[in-house]
Amino acid sequence: MDKEQAVGEDYHHHMQIPWQDFVEDDNVTPAKEAPLVERSMIVGRVGLMILACGTGSWRVRDSMNVVARNLGMTCSADIGLVSIEYTCIDDNHSYTQAISLPTTGVNTTRLNALEKFVKEIERGKREWTIAEIDHRLTEIERMKGNYRPYQVGLAAALACSAFVFLLGGGPVEMLCSFVGAGCGNFVRRKMIDRHITLLACVAVSVAVACLLYLVPFMALQNFWGINERHEAGYIGAMLFIIPGFPFITSGLDLAKLDMRSGLERAAYALIIITVATLVGWLVALMVHLRPANFAALPLNEWQLLLLRLPASFCGVFGFSIMFNSTPKMAATAGVIGALGNTLRLELVDFGMAAGPAAFLGALACGLLAAIVRNRVGYPRIAITIPSVVIMVPGLYMYRAVYNLGLQSVNTGAEWLTRAMLIVLFLPLGQVAARVLTDTKWRHNG
């Protein structure tokens, strides 16, 4: 354990579950013949590990059911954002347990490993023992992150600078956002590694991102005399904090009537958005930044179209790296996101309302992801949500809070309405894609 992890552990008060205490060192007895408690704890551990990866409750419940069935049990689970209460039933006996996580996050590489393992159990080509399953889960649990803090910072810098271009910003805004977002997410990752609480991570990283946007901006202004209007891009520097995963998974959970998980995820996302936008607003007041409209770019329709494709790819690729996707997985999501997001932006340019355009963009991403998943086997959520995150209207949300803070209620309400319509249509597009392409998800039960 390195020094940074050790410091975090001193302040980590969440009680860890001693999974190994429930497992006997028996590599002979088949798992189906193990005591109910041991089999039940395996089911719970699988569910909790998948929940920790950030996926929705339906996928968690489905994985728990698969493992339970293959261990000769029936499982009923109530799943939230960071906790699971479940009961495993075997003949005339039952075992009920409540387990929880200290916090939530996203880890698509670990999710991929867990889904492959669950599928391996489901295929039933070998006779597992409880000890073997426990050993495999421990190996997956000990998987380290793919990237160091500076690499995650660079991913956020790439994503946010691309995001700024897609919102209408130019080279100046992109450069300044690259610096601000990179430093902000680097600080956020270091705080997460030390187990600092959620709101502190959000507040400090957003403040750092906004303030460090000013460093290259003021340098360019002093040495090259750039227009003050370019300061508006500071909003892009804080967009790495947008909680796209809980936003989209909350809609998917609500569509499957997983009300507890859906509402908890929506509340979690709203907390992050509220804190981030309020901190951004306070910093803007202190240093006199204003979220004005971007200066028009000297590009024709075809040039804009051709630049939107690589910009969307870079944005989705960067967000995927932040979610701990492998480079290949991130590139796959990037291609899907480039096509879906460019479609959305072009539809808006042709006069379609932003909400329906977001629906069609998210639908296109979902359909493309279904094709890719059948070929390469990545978890669907690991490539669909990063491709849709770039469509979340973080700029609209910030402008809504900024104007409401200045008591410009009409303007704030207008931006808030625009944001809400897009936020509602994005998960609907994902739901429609699931209904059309996923037989298991399409049916109840």
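The values are calculated or read from the model by the stated rules, or taken from the named source; none is laboratory data. This is a predicted model, so every value here is computed, not measured. So basically every Cβ, Gly included, is an ideal-geometry build from the backbone, and we count neighbours across all protein chains shown. The accessibility values were calculated without ligands, DNA or RNA, using every heavy atom of the protein model including side chains. Shrake-Rupley method; radii C 1.70, N 1.55, O 1.52, S 1.80 Å.
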| query | Label LEU305 and THR138 with points 7 Å out from Cα along Cα→Cβ: what is the distance between them in nm? | reply | 5.8
| From the backbone phi of segment 425-430, what are the Karplus-calculated ³J(HN,Hα) couplings (6.51 cos²θ - 1.76 cosθ + 1.60, θ = phi - 60°) in whole Hz, Gly and Pro given as x? | 6, 4, x, 5, x, 5
| remark: Per residue, accessible area of segment 395-445 with a 1.4 Å probe, heavy atoms of protein chains only, in Å², comes to 54
| Residues with amide H under 5 Å from that of GLY105, placed H, sequence gap 5 or more | GLY54
| What are the lysines whose alpha-carbon lies under 24 Å from the alpha-carbon of LYS116, with same-chain residues fewer than 8 places away excluded? | LYS32, LYS125, LYS144, LYS256, LYS328, LYS440
| request: Can you send over the carbon and sulfur percentage of the accessible area for segment 169-242, probe radius 1.4 Å, protein chains only? | output: 70
| task | Return one number: the angle in degrees, 0 to 90 and rounded to the nearest 10, between the long axis of the Cα atoms of helix 244-255 and the longest principal axis of the Cα atoms of the chain. | result | 60
| task | State the extension gain, in nm to one decimal, for the chain segment bounded by GLU127 and ALA219, taking 0.36 nm per residue of separation less the distance between their alpha-carbons. | result | 26.6 nm
| Hey, if you drop one equal point scatterer on each alpha-carbon of the chain and run the Debye formula without solvent, what base-10 log of I(q)/I(0) do you get at q = 0.10, 0.11 Å⁻¹? | -0.72, -0.86
| task | Evaluate the relative contact order of the chain (contact order divided by residue number), counting alpha-carbon pairs under 8 angstrom at least 6 apart; express in whole percent. | result | 15
| note | Given backbone amide H placed at 1.01 Å from N, residues whose amide H is under 5 Å from that of ILE17, ignoring those fewer than 5 places away on the same chain, are none
| query | Taking only DSSP H segments of four or more residues, each worth -39500 (n - 2.57), what value at 222 nm results for the chain once the sum is divided by all its residues, to the nearest 500 deg cm²/dmol? | reply | -23000 deg cm²/dmol
| query | Each residue of segment 193-202 in turn: what ³J(HN,Hα) in whole Hz from Karplus with 6.51, -1.76, 1.60 and θ = phi - 60°, glycine and Pro shown as x? | reply | 4, 9, 6, 6, 4, 3, 5, 5, 4, 5
| field | Whole-Hz ³J(HN,Hα) from phi, Karplus 6.51 cos²θ - 1.76 cosθ + 1.60, for segment 365-377, glycine and proline x | value | 4, x, 5, 5, 5, 5, 5, 5, 4, 5, 8, 10, x
| said: With viscosity set to 1.306 mPa s at 10 °C, what whole-number translational diffusion coefficient in µm²/s follows for segment 126-283 from Stokes-Einstein and a Kirkwood radius over Cα pairs? | reply: 91
| remark: Nearest 10, in degrees from 0 to 90: the angle of helix 149-167 to the longest Cα principal axis of the chain is 50
| said: Need the full-extension length gain, LEU406 to ALA295, defined as separation in residues times 0.36 nm minus the C-alpha distance. One decimal, nm. | reply: 37.6 nm
| field | Cα pair distances exceeding 21 angstrom across segment 129-216, given as percent | value | 44
| message | From the mean inverse distance of alpha carbon pairs (Kirkwood) and the Cα radius of gyration, derive Rg over Rh for segment 318-442. | response | 1.04
| request: Obtain the nm distance between the two label points defined at ARG148 and LEU285 by a simple spin-label model: each point lies 7 Å from its Cα along the Cα-to-C-beta direction. | output: 4.0
